[in-house]
Amino acid sequence: MLKSKHFFLLPALLTLVAIIIFPLIFTVRVSFSSWDVYQAGLDYIGGRNYLRVFEDARFWESLLRLSAMSLITVTLQYVLGFALALAVWKQLKGGRIFRVLFLVPMMTTPVVMSVIWRTMLHESLGPVNDILSVFGFGPVPWLSSAAGAFISVIIVEVWQWTPFMFLLMLAGLVSLPREPYLAAAIDGAGPWRTFWQVTFPLMAPISIGAIIIRLIEASKIMDTVYVLTSGGPGTATETPSYYIYIRGLRDFQVGYSAALSLTYLVLMIITLTIIAKLLMRSLVGKDA
């Protein structure tokens, strides 16, 4: 028998069902249908959409591309964010001003930031190439070459989300106990040794949480690619999210895009779980 206090959970439960559980179940059902631009319906076709996913080289290429992109961006964000947090934590002169300035990119929406960077990286009109020309470098095809476009997406992602990593790492540093540092000072440990033997181990749980959060967000890169490169040139910067968008909302292959989405979701859950366990074992030194 439900007690009266359980009814207070009903609004949250209904919201969960409405925005998560029902769409997920419906997506599973759609993934087993041939719903497309020619025929809108839930006719059952078995696992043909999933067989098509495993034969879709473009999807798997986008997945590998995203893996490289996420690894590079999150690594750079972590290193830069940690370094900036350490600088502010050590009472760098003007630290309060830097705290505000570091958060400005994160407070700007990704679409607006991508539009600004697309203008800055324009091959002939952008100020970035103008600055490079002062140092004797020719115009770089930032958005018209495969390598340039890939690097451009990484630059924008690092610029936008390093402040997020900085904020988490600074919060962790501020909360660290002082006793280990006093003991290290008594033992005569220098700054470098103190960092590796005291600060870094103490920050390991926070580092793992920050890295996993950013990997989850990086796995959903869509708006930056959409605005900055549109997945191009060709498919050089196409991510799974953008490819699913193309199949589902541009080509209107709803059944197939649902199968792509679920396959991608399962792969991300498995991959991120494995990464979290490996990070726990390597940084914390115990099983997750």
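The values are calculated or read from the model by the stated rules, or taken from the named source; none is laboratory data. Model, not experiment: these values are computed from the prediction. Quick reminder, even Gly has a Cβ in these numbers, built from the backbone with ideal geometry, and neighbours come from all protein chains shown. These accessible areas exclude ligands, DNA and RNA; they are computed on the full protein's heavy atoms, side chains included. Shrake-Rupley method; radii C 1.70, N 1.55, O 1.52, S 1.80 Å.
When Rg is the radius of gyration of the Cα atoms in the stretch 1-78 and Rh is its Kirkwood radius, what does Rg/Rh come to?
Radius of gyration over Kirkwood radius for the stretch 1-78 works out to 1.20.
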Subject >> Which label in [x] 33, 21, 19; [y] 30, 26, 17; [z] 39, 30, 18 gives the computed semi-axes √(5λ) of the Cα gyration tensor in Å >> reply: [z]
Original post:
Hey, what do the phi angles of the stretch 140-154 turn into as Karplus ³J(HN,Hα) couplings, whole Hz, using 6.51/-1.76/1.60 and θ = phi - 60°, x for Gly and Pro?
Top reply: 8, x, 4, 10, 10, 10, 4, 5, x, 5, 4, 5, 4, 4, 4
Original post:
In the Gaussian network model of the chain, springs joining C-alpha atoms below 10 Å, which of ARG118, ARG178, ARG99 carries the largest mean-square fluctuation?
Top reply: ARG178
Subject >> DSSP-loop chymotrypsin sites (Phe, Trp or Tyr not before Pro) across the stretch 116-151, with at most 16 other Cβ within 10 angstrom >> reply: PHE135, PHE137
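Top to bottom by accessible area (1.4 Å), largest first, where do TRP196, TRP161 land?
TRP196, TRP161
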Original post:
Which aspartates and glutamates, on any chain, are close to LYS277 with Cα under 20 Å apart, when same-chain ones fewer than 8 places away are left out?
Top reply: GLU217, ASP287
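When the Cα atoms of the stretch 1-153 are enclosed in a convex hull and the volume is divided per residue, what value in Å³ results?
Measuring per residue, one finds 270 Å³ for the Cα hull of the stretch 1-153.
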Original post:
Between SER33 and residues 5 or more places away or on another chain, which pairs have amide H atoms under 5 Å apart, with H built 1.01 Å from N, and which residues are they?
Top reply: ILE45
**OP:** Would you kindly find the accessible area of GLU217, with a 1.4 Å probe and non-protein molecules such as ligands, DNA and RNA excluded, rounding to the nearest 10 Å²?
**Re:** 80 Å²
**OP:** Determine ³J(HN,Hα), in whole Hz, for all residues of the stretch 51-68 in sequence, where each value follows from phi through the Karplus function 6.51 cos²θ - 1.76 cosθ + 1.60 and θ = phi - 60°; x replaces Gly and Pro.
**Re:** 4, 5, 4, 5, 9, 8, 5, 5, 5, 5, 5, 5, 5, 5, 4, 5, 4, 5
**OP:** At 1.4 Å probe size, with no ligands or nucleic acids counted, give the accessible surface of LYS90 in Å², nearest ten.
**Re:** 140 Å²
